[in-house]
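Heads up: the structure comes next, in structure tokens.
The values are calculated or read from the model by the stated rules, or taken from the named source; none is laboratory data. Since the structure is predicted, the reported quantities are computational estimates derived from the model, not experimental observations. Note that each Cβ is placed from the backbone with ideal geometry, even for glycine, and that neighbours are counted across all protein chains shown.
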Amino acid sequence: MEWMNQAALSAQKSDAVFFYVFGLSVVFLIFITALMIYFVVRYSKKRHPKAEQIEGHVGLEIVWTTVPLVLFLSIFYYGWTNYEYMSQAPRDAMVVKVTARQWSWSFEYPNGKQSKVLFAPINKPMKMEVRSADVVHGFFVPSFRIKIDAVPSRTNTTWFQATKFGSYDIECTVICGVDHSLMLSKVIVVPEDEFKAWYFGGEDAPEPGKSFRAGEAHPGLKDMPQGLAVLTAKGCVACHSVDGKPKVGPTLKALYGREQQILVAGAYKNITVDDAYLRRSITSPMEQVVRGYPPAMPQTRLTEQELDEVVRYIKGL
Amino acid sequence: MSTHASTAQPSYLVDTGARKGLMAWLTSTDHKRVGLLYLYSMVSFFFVGAGIGLVMRLVQLTTFQKLISAQTYNALFTLHGVIMIFLFVVPGLPAVFGNFFLPILIGAKDVAFPRLNLASWYFYMAGAILAILALFTGGGAPDTGWTFYAPFSLKTGTNISLAVFAAFILGFSSMLTAINFITTIHRLRAPGMTWFRMPLMSWALYSTAWIQLLATPILAITLVLVILERFFGIGIFDPAKGGDPLLYQHLFWIYSHPAVYIMILPAMGAISEIIPTFARRTIFGYKAIAFSSMSIAGVGSLVWAHHMFTSGLSGLALMTFSLLTMIVAVPSAIKVFNWVSTLYKGSIDFQPPLFFALSFIFLFCIGGLTGVMQGALAINVHIHDTYFIVGHFHYVMFGGTGFAFFAALLYWFPKMFGKMYSKKAIYASWYPMFIGFNMLYFGMLILGMMGMPRRYYVHLPQYHSLHVVATVGSWLLVLGLLIFFGTLLYAIFKGPKAEDNPWGGVTLEWTIPSPPPLENFEEIPIVTHGPYHFEPQEGK
């Protein structure tokens, strides 16, 4: 369960304030509610037929003005100081340029390398410079408790230092058009060696984190049909379901022979899904994005034999 | 009913002028009739808004979207927001109960400008009709959310201009009502009705009117700028033309945050009327409540940028607005303490209006406390623009203003219509309403903590189970609403006659017949004491 998963230092900072306020709130709510119920029962007209006309009490007014004020100010102070930590990136942080556009994310690292998912080495500070190419978007990683809007003509920054390996959702939080809810990506937190191997490697360097991203969901690859095992091992099923459920990408169920619109060189085109289309979609996904889906699929390297298996498997779905 | 020996004047419900029937209502400048015109139109729009909410919840029942398209979904949440905010909660209690009861509470025959009052209803209806036209004309229904954030609102092909113009017209309705109330309170108080003898509802309406009058023009100007930019391409908000998108957010929230207080202050006023009546005792801390309304109106105008904590403001701005946000929470806390203390050593007659008023306090506390969470910067960064904020403002706007509206309706219904409703049916409506409400909106709070962003057509699988809980809650909530309004509607036609003072209240509206006569008072009363002056008495 990803619920309240603390996967970065910023998450610990945010949650500390949250639990402080949450604790105070629960106490206050129970106190007020219990008092109301007690008074209603204790001073019901049966038990207490004669009301006393009490106009007020200056001492009490002062108490319940100053005590909440002090508590609210403590909340402000705690929230502010922890926010300062969360918003000030250390000087040695690696700077990643994040570009938001309708409706996808892209990441550019200092050496010019680009990716559609964000790769981050564990325990290293990463500073995000967030920009927008069109309208306002919001860059949000729930497991890190960080969020910053991507505002056109501005560069906003945030940072994180991941503390747990894993794959975490990136979501857009500002309404930006029809596919706002599909404007998703992932942060992949990997060991530093693996990150470096990819970062300093050539264009062919394998993307980090593949093995454990696939292993997360499906430990038993052996029992699967070969095609599905490849899809699982390569992480495809994270975005493409095989049972018709919508995910980030189109489902693979009944895909073969389906008629759909794809975006080719800036124009929509109607095609019928066949062997050639499937192969091209896997080897160079950006060339033919299905209408209504974000251009978010990373290039995936499969052997010729694996490709055959996958296509055969998809045909049978 | 016949307790009043000399009912020379007929009830306001009887047509006395040259016109009869519908025309008599549409041309009436009687503040009570204008109040009812608002009531009928607002409740109708409320049900349209609630129906849209129900459809949105059905969409979230599956992760498998077939019901409607993403574009339609975006139009629906925009429309839900525009209807609920501009056509229901902003006019809210002032338009209905303010119009109906403000003159009576301060011992006047009508508001200061009766014709302007009727005109404000026509502005309201014109705005509503334009908003509906915006759905079916131009490029189709707006899809930006009710906040119309630039530059998306400038680039989308949907019919933003007309929708924004509708909100502009609605703003005029709001301002005219405000001018009317301020003048009425200053000029038309009965002899002896000093400022500190006014019922607290009048204080709440007075502070609200000032916010409406001062803040609404800013919204109007902002909306005009959006229209100009869309039609003539002048670069005010679009950075591609040299504008600044954050300028839009500032201008929008400079109105729309105080608007939150426009929505909640009158609700607090109604609660301050209801609790003393059923506790049979004077309110605890009259001046504290009156001044807290004014200070909410004041400080509340200086906290708008807490809607922009993630938009990249400077550290100093963030610190200042977070601090001011915390300070504005204090007067609300003061009110809650005073209301609860008003129950202390009372002689409590537990009736439906009190039940809803106490439910208001509970739900409003959750709304307020979740608001404080968002005021703290370190928490805000996580929950900003998630379902947490959606849950939070439904606790404030619906659990707060909505429940107070229901409480006020139950409280004043016998006076307004001269009929009594079935209390059993009202109690029966409370359970599905309250349980459904909390399933729906507490579910949203948790979803937001988990990271579910707002305005999402499809959601990720980890959020699904709570979405199901919330959707089931929405069914219960709507069931409760139907029973509630069904009961009241039945009572209007078939209910037994109500007494003049069914709750034993002591403010001026309970001294006149139910329903009130045309000019409210036979003779303008002379006020000699505070509003909640219960004679020391033996219980019945």
Selection status of B:Ala376, more than 14 Å from chain A (Cβ to nearest Cβ) and either buried (at least 22 other Cβ atoms within 10 Å of the Cβ) or at pLDDT 95 or above (or both): no
Qualifying residue in region B:416-435 (condition: within 14 Å of chain A (Cβ to nearest Cβ), of a type in the set (A, V, I, L, M, F, W, C) and assigned to a helix (DSSP H, G or I)): yes
All positions within region B:130-144 that are modelled with pLDDT of 85 or more and within 10 Å of B:Thr156 (Cα to Cα): B:Pro142, B:Asp143, B:Thr144
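Which one of B:Ile512, B:Ile526 is over 22 Å from B:Leu13 (Cβ atoms) and at pLDDT 90 or above? Show your work before the answer.
On the way: B:Ile512 fails: over 22 Å from B:Leu13 (Cβ atoms).
Going through B:Ile512, B:Ile526 in turn, just one is over 22 Å from B:Leu13 (Cβ atoms) and at pLDDT 90 or above: B:Ile526.
Checking the condition buried (at least 18 other Cβ atoms within 10 Å of the Cβ), closer than 30 Å to A:Leu9 by Cα and facing chain B (nearest Cβ under 9 Å), which residue from A:Phe72, A:Phe39 passes? Give the derivation first.
On the way: A:Phe39 fails: closer than 30 Å to A:Leu9 by Cα.
Answer to the selection: A:Phe72.
Could you go through region B:403-412 and let me know if any residue there is under 26 Å from B:Ala425 (Cβ atoms) and within 11 Å of chain A (Cβ to nearest Cβ). Talk me through it step by step, then tell me what you get.
Residues of region B:403-412 under 26 Å from B:Ala425 (Cβ atoms): B:403-412.
Subset that is within 11 Å of chain A (Cβ to nearest Cβ): none.
Looking for residues that are under 26 Å from B:Ala425 (Cβ atoms) and within 11 Å of chain A (Cβ to nearest Cβ), one finds none in region B:403-412, hence no.
Each row is one residue, and each column tells you yes or no for (1) within 21 Å of B:Asn380 (Cβ to Cβ); (2) touching a strand residue (DSSP E or B) at 6+ places or on another chain (Cβ under 8 Å); (3) of a type outside the set (D, E, K, R).
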| site | (1), (2), (3) |
| --- | --- |
| B:Met268 | no, no, yes |
| B:Glu273 | no, no, no |
| B:Ala290 | no, no, yes |
| B:Gly298 | no, no, yes |
| B:Leu318 | yes, no, yes |
Top-ranked residue of region B:57-74 - restricted to ones that are surrounded by 19 or more Cβ atoms within 10 Å (Cβ to Cβ) and hydrophobic (A, V, I, L, M, F, W, C), ranked as farthest from B:Ser465 (Cα to Cα): B:Ala70
Selection count, region A:83-103, where residues are in contact with a Lys or Arg (Cβ under 6 Å, 6 or more places away or on another chain) and surrounded by fewer than 20 Cβ atoms within 10 Å (Cβ to Cβ): 5
Within region A:262-299, considering residues that are within 14 Å of chain B (Cβ to nearest Cβ) and touching a Phe, Trp or Tyr at 6+ places or on another chain (Cβ under 7 Å), the one nearest to A:Lys116 (Cα to Cα): A:Pro294
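Mind telling me which of the residues B:Val82, B:Val111 ends up being assigned to a helix (DSSP H, G or I) and in contact (Cβ under 8 Å) with a residue 12 or more places away in the chain?
Working: B:Val111 fails: assigned to a helix (DSSP H, G or I).
Checking each option against the conditions leaves just B:Val82.
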Residues within region B:338-349 that are more than 7 Å from every other protein chain (Cβ to nearest Cβ) and of a type in the set (A, V, I, L, M, F, W, C), tallied: 1
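Does region B:157-164 include one or more residues that are crowded, with 24+ Cβ neighbours inside 10 Å, within 14 Å of chain A (Cβ to nearest Cβ), farther than 14 Å from B:Val90 by Cβ and touching a residue at least 60 places away in the same chain (Cβ under 8 Å)?
Looking only at region B:157-164, we keep the residues that are crowded, with 24+ Cβ neighbours inside 10 Å, and these are B:160, B:163-164.
Imposing the further condition that a residue be within 14 Å of chain A (Cβ to nearest Cβ) reduces the set to B:160.
Next cut, farther than 14 Å from B:Val90 by Cβ only: B:160.
Pick out the ones that are also touching a residue at least 60 places away in the same chain (Cβ under 8 Å) and you get B:160.
The answer is yes, given that some residue of region B:157-164 is crowded, with 24+ Cβ neighbours inside 10 Å, within 14 Å of chain A (Cβ to nearest Cβ), farther than 14 Å from B:Val90 by Cβ and touching a residue at least 60 places away in the same chain (Cβ under 8 Å).
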Hits in region B:504-538 (condition: without any contact (Cβ under 8 Å) to a residue 12 or more places away in the chain and more than 14 Å from chain A (Cβ to nearest Cβ)): B:Glu523
Test: residue in region B:59-67 that is part of a loop (DSSP other than H, G, I, E, B), among the hydrophobic types (A, V, I, L, M, F, W, C), under 24 Å from B:Tyr463 (Cβ atoms) and at pLDDT below 85: yes
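Going through A:Glu52, A:Glu61 one at a time, which residue ends up being without any contact (Cβ under 8 Å) to a residue 40 or more places away in the chain, within 8 Å of chain B (Cβ to nearest Cβ), in contact with a helix residue (DSSP H, G or I) (Cβ under 6 Å, 6 or more places away or on another chain) and of a type in the set (D, E, K, R)? Even if it seems obvious, please write down each step before you answer.
On the way: A:Glu52 fails: in contact with a helix residue (DSSP H, G or I) (Cβ under 6 Å, 6 or more places away or on another chain).
Of the residues listed, the single one that is without any contact (Cβ under 8 Å) to a residue 40 or more places away in the chain, within 8 Å of chain B (Cβ to nearest Cβ), in contact with a helix residue (DSSP H, G or I) (Cβ under 6 Å, 6 or more places away or on another chain) and of a type in the set (D, E, K, R) is A:Glu61.
Look through region B:299-318, keep the residues that are buried (at least 17 other Cβ atoms within 10 Å of the Cβ) and in a helix (DSSP H, G or I), and return whichever of them is farthest from the other protein chains (Cβ to nearest Cβ). Steps first, answer last, please.
To start, the set of residues in region B:299-318 that are buried (at least 17 other Cβ atoms within 10 Å of the Cβ) comprises B:299-301, B:303-313, B:318.
Restricting the remaining residues to those that are in a helix (DSSP H, G or I) gives B:299-301, B:304-307, B:318.
Numbers: B:Val299: 12, B:Gly300: 15, B:Ser301: 18, B:Trp304: 16, B:Ala305: 13, B:His306: 11, B:His307: 11, B:Leu318: 7 Å.
Filtering region B:299-318 for residues that are buried (at least 17 other Cβ atoms within 10 Å of the Cβ) and in a helix (DSSP H, G or I), the one farthest from the other protein chains (Cβ to nearest Cβ) comes out as B:Ser301.
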Residues of region B:15-46 satisfying the condition of being among the aromatic types (Phe, Trp, Tyr) and crowded, with 16+ Cβ neighbours inside 10 Å: B:Trp25, B:Tyr38, B:Phe45, B:Phe46
Single condition B:Gly400 does not satisfy, out of (1) surrounded by 24 or more Cβ atoms within 10 Å (Cβ to Cβ); (2) of a type in the set (Gly, Ala, Ser); (3) over 30 Å from B:Glu509 (Cβ atoms): (3)
B:Pro352, sole failed condition from (1) out of contact with any Lys or Arg (no Cβ under 6 Å at 6 or more places or on another chain); (2) more than 10 Å from chain A (Cβ to nearest Cβ): (1)
Selected residue (criterion: surrounded by the fewest Cβ atoms within 10 Å (Cβ to Cβ)) from residues of region B:319-337 that are at the interface with another protein chain (Cβ under 8 Å from one of its Cβ atoms) and under 24 Å from B:Leu200 (Cα atoms): B:Ile327
Pair list, Cβ under 6 Å, 6 or more apart: region A:21-35 residue at the interface with another protein chain (Cβ under 7 Å from one of its Cβ atoms) and closer than 17 Å to B:Phe362 by Cβ, other residue of a type outside the set (A, V, I, L, M) and buried (at least 16 other Cβ atoms within 10 Å of the Cβ): A:Leu29/B:Cys365; A:Ile32/B:Cys365; A:Thr33/B:Phe362
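Every residue, every condition in (1) surrounded by fewer than 18 Cβ atoms within 10 Å (Cβ to Cβ); (2) within 14 Å of another protein chain (Cβ to nearest Cβ), yes or no:
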| position | (1), (2) |
| --- | --- |
| A:Pro110 | yes, no |
| A:Gln114 | yes, no |
| A:Leu118 | no, no |
| A:Asp134 | yes, yes |
| A:His137 | no, yes |
| A:Arg145 | no, yes |
Residue match in region B:221-240 (condition: among the aliphatic types (A, V, I, L, M), part of a helix (DSSP H, G or I) and buried (at least 22 other Cβ atoms within 10 Å of the Cβ)): yes
Residue in region B:100-112 that is out of contact with any strand residue (DSSP E or B) (no Cβ under 7 Å at 6 or more places or on another chain), surrounded by fewer than 18 Cβ atoms within 10 Å (Cβ to Cβ) and at pLDDT 90 or above present: yes
Identity of the residue in region A:263-281, more than 15 Å from A:Met297 (Cβ to Cβ) and out of contact with any strand residue (DSSP E or B) (no Cβ under 9 Å at 6 or more places or on another chain), that ends up surrounded by the fewest Cβ atoms within 10 Å (Cβ to Cβ): A:Gly266
